[in-house]
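Trainee: Before I ask anything, here is the structure I am working with.
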Amino acid sequence: MRHGIVLFTCDRGITPAQAARAAEERGFDAFYVPEHTHIPASCRTGPTGADLPDEYRRLLDPFLALAVAAATSDSLLVGTGVCLAAQHDPCTPQPDARGPQKDERRQNS
């Protein structure tokens, strides 16, 4: 059985590199991060009406976070738990989403 972790990566917590190393040392097989590119100006219509936690505004780019995690890992599979591809501007250069997993690990799973 394989197990992975999901980390909500922001600039105020453990870094993706530290988390990936810790996950790998503890026997996890995969490391995932979410993406929240669009934050509402107001949360008054939400279930609690409370503001979103500040971490949502400080979320790291998922592809850069995964590239760092993959670079510091020997065996972790990396991926997005949530990827909002349709909300990205196709004319804006983005990190290569295929980059971190272009290796033999995916073929041998």
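Trainee: With the requirement that a residue be part of a loop (DSSP other than H, G, I, E, B), surrounded by 13 or more Cβ atoms within 10 Å (Cβ to Cβ) and at pLDDT below 90, what does the range 59-93 give you?
Mentor: Matches in the range 59-93: Leu60, Asp61, Gly81, Cys83, Leu84, His88.
Trainee: If you don't mind, another one. In the range 13-58, what residues are touching a helix residue (DSSP H, G or I) at 6+ places or on another chain (Cβ under 6 Å) and at pLDDT 70 or above?
Mentor: Pro16, Ala17, Ala20, Phe31, Val33, Glu35, His36
Trainee: Please go through the range 1-20 and give me each residue that is touching a strand residue (DSSP E or B) at 6+ places or on another chain (Cβ under 9 Å) and in a helix (DSSP H, G or I), ordered by number.
Mentor: Matches in the range 1-20: Pro16, Ala19, Ala20.
The values are calculated or read from the model by the stated rules, or taken from the named source; none is laboratory data. Computed from a predicted model, the values in this text were never measured in an experiment. Cβ coordinates were reconstructed from backbone atoms using ideal geometry, including for glycine residues, and neighbour counts include every protein chain displayed.
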